[in-house]
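Asks: Submitted below is the structure of interest, expressed as structure tokens.
FYI, it's all coordinate maths here, none of it is from the lab. Since the structure is predicted, the reported quantities are computational estimates derived from the model, not experimental observations. All Cβ positions, glycine included, derive from the backbone under ideal geometry; neighbour counts span all protein chains shown.
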Amino acid sequence: MEIGDSRTVDDGRRRVLKTLANGGMALASGALHASKPLGETAASSDTGMLRRPVPSSGDSIAAVGLGTYESFDVVDAASSALEAVLARFVALGGELVDSSPMYGHSEAVIGELAARLGVRNRLFLATKVWTRGHAEGVRQMETSFSRLRTMRLELMQVHNLVDWRVHLPTLREWRNQGRIRHVGVTHYHASAYREVEAVLRAEKPDFLQINYSMAEREAEARLLPLAQDLGIAVIVNRPFAKASLFSQVRGQPLPAWAAEFDCASWAQFFLKFILAQPAVSCVIPATSKQPHLEDNLAAGRGRLPDARQRARMVETLART
Ligand SMILES: NC(=O)c1ccc[n+]([C@@H]2O[C@H](COP(=O)([O-])OP(=O)(O)OC[C@H]3O[C@@H](n4cnc5c(N)ncnc54)[C@H](OP(=O)(O)O)[C@@H]3O)[C@@H](O)[C@H]2O)c1
């Protein structure tokens with residue numbers, strides 16, 4: 001699958017190579033988005049990034065993506081460090097970038113930087129509709145296309161289920177027209193899981209985006225298995241419970257046995273715990289810092305913890 005507008009692929013690729021060469025990083029050939037699903041635990045051959053399937057479309061996506069809430073809400077994108085962050089994200093095999101009209105300047109910043117870097121075709125762009133009413137929903141989504149500078153989006157989600165009965169029919173219509181490739185719903189809090197579950201059963205969207213982390217494990221009980229049963233791809237938000245997990249382990253050494261599943265940092269510890277869930281297609285940590293971005297994407301490479309190791313991870317965190 002081409003995930004963007006194919007006209008600009010070669011241009012984009014040339015510009016990315018240049019940007020990366022400036023940063024001393026060569027981009028391996030053939031790094032454009034894979035055209036076929038690679039299976040549940042297949043890794044991209046060039047970056048080593050784990051890929052996971054999107055059951056409804058047969059696509060596959062890189063298992064570590066990028067959240068943009070607050071981190072990409074800047075007024076002057078050109079003079080921020082975010083251009084280097086996005087370039088590095090693509091170079092390391094990242095694809096899914098998640099935004100929303102709720103996130104201030106984030107959509108416009110992603111659109112501007114993707115155009116400057118020429119990487120639009122390498123991204124799996126996800127945003128949301130976050131308003132009430134059909135006309136206002138359409139207006140808001142048209143604005144998102146314009147801010148993201150694209151004719152087509154890989155994923156449009158109903159943010160926090162706001163007015164989902166009104167928006168989902170529009171999203172399906174636009175999917176039929178080819179304007180969006182996938183339809184999704186999101187939430188961030190366990191108090192909404194009952195409604196989320198009902199929507200998954202009744203509407204069977206392509207994607208569910210939900211909070212799940214070592215600090216917020218409620219989705220394990222019903223939502224993750226249900227999504228897997230229904231063939232709904234899962235995006236995990238708040239993977240660090242908004243950085244609170246880092247506060248919990250501050251000053252504590254990473255256990256030596258984390259190396260058994262190729263884990264070299266606490267960030268990778270938290271992300272690999274999530275990726276070990278087979279229901280999860282993609283986890284979207286947010287950062288505006290390149291070292292953190294590199295740390296996070298490394299969680300998509302190497303081995304994942306098995307059930308015994310995950311139990312040990314839980315015990316370790318409980319003792320901190
Ligand atoms: N309802 C919804 O649809 C919904 C709700 C919540 C979130 N989301 C999506 O999910 C994304 C992620 O959730 P979130 O932003 O709430 O929280 P999060 O990803 O759990 O945490 C982000 C925090 O972690 C820090 N961080 C990131 N990588 C780090 C690393 N390697 N080492 C140390 N600190 C690190 C970031 O700070 P630095 O910038 O300093 O790295 C930031 O403070 C959002 O950006 C958004 O796209 C959607």
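Asks: Order of Val249, Val199, Val314 from fewest to most other C-beta atoms within 10 Å?
Replies: Val314, Val249, Val199
Asks: For Cα pairs less than 8 Å apart in space and 6+ apart in sequence, what is the mean separation divided by the residue count of segment 132-236, i.e. the relative contact order in percent?
Replies: Relative CO of segment 132-236 lands at 22 percent.
Asks: Something else: How much of the DSSP bridge set in the chain is antiparallel, in percent, rounded to the nearest 5?
Replies: Approximately 15 percent, going by the DSSP bridge assignments.
Asks: Sequence gap at least 6, Cα distance under 8 Å: using those rules, report the relative contact order of the chain to the nearest whole percent.
Replies: 19 percent.
Asks: Same structure, new question: Sort largest first and round to whole Å: the equivalent ellipsoid semi-axes of segment 39-181, each the square root of five times a Cα gyration tensor eigenvalue.
Replies: Each semi-axis is the square root of five times an eigenvalue, giving 25, 21, 12 Å.
Asks: Going by the alpha-carbon gyration tensor, a ≥ b ≥ c the square roots of its eigenvalues, is segment 200-320 rounded (a/c under 1.5) or, if a/c is not under 1.5, prolate (a/b greater than b/c) versus oblate?
Replies: prolate
Asks: Let me ask something additional. Can you tell me the Rg and the Dmax, both Å, for the Cα atoms in segment 206-275?
Replies: Both quantities, over Cα of segment 206-275: 13.6, 42 Å.
Asks: Using just the Cα positions, wrap the chain in a convex hull and report its mean projected area in square nanometres, one decimal place.
Replies: Average of the hull's projected areas for the chain equals 15.4 nm².
Asks: A further question follows. Sort Val183, Val75 so that the residue with the fewest other Cβ atoms within 10 Å of its own Cβ comes first and the one with the most comes last.
Replies: Lowest count first: Val75, Val183.
Asks: What distance in nm lies between label points placed 7 Å from Cα along the C-beta direction at Ser80 and Asn176?
Replies: Taking the simple label geometry, Ser80 and Asn176 are separated by 3.8 nm.
Asks: Sticking with this structure for a sec: ³J(HN,Hα) across segment 80-97 via Karplus (A = 6.51, B = -1.76, C = 1.60, θ = phi - 60°), whole Hz, x for Gly/Pro?
Replies: Each residue's phi maps through the Karplus curve to give 8, 7, 6, 4, 5, 5, 5, 4, 5, 4, 5, 4, 8, x, x, 9, 7, 10 Hz.
Asks: Further question on the same structure: List the residues, sorted by chain then number, that are 5 or more residues from Val54 or on another chain and whose placed amide H is less than 5 Å from its amide H.
Replies: Asp59, Ser60, Ile61
Asks: While we're looking at this one, here's another question. Find the percent of Cα-Cα distances in segment 168-241 that exceed 14 Å, and round it to a whole number.
Replies: Of all Cα-Cα pairs in segment 168-241, 58 percent lie more than 14 Å apart.
Asks: Determine the calculated [θ] at 222 nm for the chain from helices alone, applying -39500 (n - 2.57) to every DSSP H run no shorter than 4 residues and normalising by the residue count; nearest 500 deg cm²/dmol.
Replies: -11500 deg cm²/dmol
Asks: Next question, about the same structure. Given a Förster distance of 56 Å, report the FRET efficiency between Ala318 and Ser57 from their Cβ-Cβ distance, rounded to the nearest 0.05.
Replies: 0.90
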